[in-house]
Amino acid sequence: MVENLHIQRQDTAGNRDAITLEEWTEAVDHIEGIRLAQGDAVAANPLDETVVTLPNRGGDAEVYREDCQTWMRTMFWTPEGTIRFAAPESEDDTILPLAGKLATELNAAIYDEAGKGLS
């Protein structure tokens, strides 16, 4: 099972401070190797080939993967003001370093599903 990670911001009391869609899109514009995705995400279930469409709320982002030379939709802004993405499967993955740059740009941090910050 793939664990989701989250970029989120907290105030000094530990309460979540939402990242607005505008803040997110501006941060994405400042970081090389990531861009906002256009349109909805469409994928086929490999078991039964059912096509699933996930609506883009305007904050889906794609990361350029050098290993396969393609843009892959990997980060998703949520209306709750967090950005979610799947934990990388290897330490060579480009997603976690980009997430770190984005978190810094947003004055935020990366947290696991239990709310524990990554060091």
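The values are calculated or read from the model by the stated rules, or taken from the named source; none is laboratory data. Being a predicted model, the structure only gives us computed values, none of them experimental. Virtual Cβ from ideal backbone geometry, glycine too; neighbours counted across all protein chains shown.
Which one of the conditions (1) in contact with a strand residue (DSSP E or B) (Cβ under 9 Å, 6 or more places away or on another chain); (2) within 17 Å of Lys116 (Cα to Cα); (3) surrounded by fewer than 12 Cβ atoms within 10 Å (Cβ to Cβ) does Thr82 fail to meet, given that it meets all the rest?
Result: Thr82 fails condition (3) only.
Taking the range 33-60 as the search range and keeping residues that are within 21 Å of Ile19 (Cβ to Cβ) and in a strand (DSSP E or B), which one is nearest to the chain's Cα centre (by Cα)?
Filtering the range 33-60 for residues that are within 21 Å of Ile19 (Cβ to Cβ) and in a strand (DSSP E or B), the one nearest to the chain's Cα centre (by Cα) comes out as Asp60.
Identify, please: which residue in the range 90-106 is more than 21 Å from Thr20 (Cα to Cα) and assigned to a loop (DSSP other than H, G, I, E, B) and is, among those, modelled with the highest pLDDT?
Within the range 90-106, the match that is modelled with the highest pLDDT is Thr94.
For the range 20-31, state whether one or more residues are in contact with a strand residue (DSSP E or B) (Cβ under 7 Å, 6 or more places away or on another chain), within 23 Å of Gly115 (Cβ to Cβ) and either surrounded by 10 or more Cβ atoms within 10 Å (Cβ to Cβ) or free of Cβ contacts under 8 Å to residues at least 40 places away in the same chain (or both).
Yes, the range 20-31 contains a residue that is in contact with a strand residue (DSSP E or B) (Cβ under 7 Å, 6 or more places away or on another chain), within 23 Å of Gly115 (Cβ to Cβ) and either surrounded by 10 or more Cβ atoms within 10 Å (Cβ to Cβ) or free of Cβ contacts under 8 Å to residues at least 40 places away in the same chain (or both).
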